[in-house]
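Okay, so here's the structure we're looking at.
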Amino acid sequence: MNISPLDIATVREELAQQLARENKPSLYSSIDAHPTLNNAEIRDLVARVMQQAGSGHELSSEQLYAVRTLANATERECYDRSLHASLFAPKITVTTGVDSSTTDGSSLFSLGKMALIVLLASLGVYGYSAHKRSQAEAALRQAELRNQTHIIELEEQRVALERDRADAAAKAIQDAADERQRQDIARVLQQDVARIRHNEAEQRREDLRKAQEEKSKAFEAQRRERELEAAAKRDVASAERELCRQGRINNNFGEVKRWCK
């Protein structure tokens, strides 16, 4: 007997009704999603949830698992069918009512045959459901494993990102310290250069002052020497004039000839 599985839309409609009746939590309830939403609507909702997470709202591990599972159409269908199978697992009850007053051999055979058919059909449905549930649970476990691996990868990426940020911050602090040190060294060098230039300028001014002072002294000495020579010449001329005058007074022609010029 071939039993066709329910189409996924029917599965999700029945899921929504049963979850509401039993008030059971699910991946859908963890992110406030309705089971009947189509895949595009689920992806839009997941995008909004991730945007909220990016704004500082931290997601729980269940929400991360829901985002990872429901955003993937294949994994979502496996989850839906597995959840549906667990909620709608068939309960087999077989009852037969036989009126002993009207029972004969052929009717007993017919009733036994019918009961056997019902039992085999029920066992077939139950076996198919169990098989599908087992497949869905296996797929769900694989999805959970992939999700856990993805969560670990995300955590490793987060740790690596934080480490990179810490390294960048430390490098920025070190670069700032190095820059301040370079500025301090440059400032000290500038001050040393300015002091050296100032000292050189002062030394040049001092040397110029000394040179001018030496020139002034030499000029003064020359001036005094010239004055002394001029005074000596004046004294000699005055003496000669006096000797000339005395020679004329004394009619001493030899003295007059010698001193009167």
**OP:** Considering only segment 19-50, state which residues are in a helix (DSSP H, G or I), without any contact (Cβ under 8 Å) to a residue 12 or more places away in the chain and surrounded by fewer than 13 Cβ atoms within 10 Å (Cβ to Cβ).
**Re:** A20, R21, A40, E41, D44, A47, R48
Original post:
Could you say which residue among A53, A16 is of a type in the set (G, A, S), without any contact (Cβ under 8 Å) to a residue 60 or more places away in the chain and touching a Ser or Thr at 6+ places or on another chain (Cβ under 8 Å)?
Top reply: A16
Subject >> Subset of segment 51-75 (residues that are in a loop (DSSP other than H, G, I, E, B) and not aliphatic (A, V, I, L, M)) >> reply: S55, G56, H57, E58, S60, N72
Original post:
Does at least one position in segment 42-63 carry a residue that is at negative phi, in contact with a Leu (Cβ under 7 Å, 6 or more places away or on another chain) and not aliphatic (A, V, I, L, M)?
Top reply: no
Original post:
Looking at (1) farther than 18 Å from E13 by Cβ; (2) at pLDDT 60 or above; (3) over 46 Å from the mean Cα position of the chain (by Cα), which is the one condition that is false for A66?
Top reply: (3)
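The values are calculated or read from the model by the stated rules, or taken from the named source; none is laboratory data. Please read these numbers as outputs of a predicted model, since none were measured by experiment. As a convention, Cβ positions derive from the backbone with ideal geometry for all residues, glycine included, and neighbour counts pool all protein chains shown.
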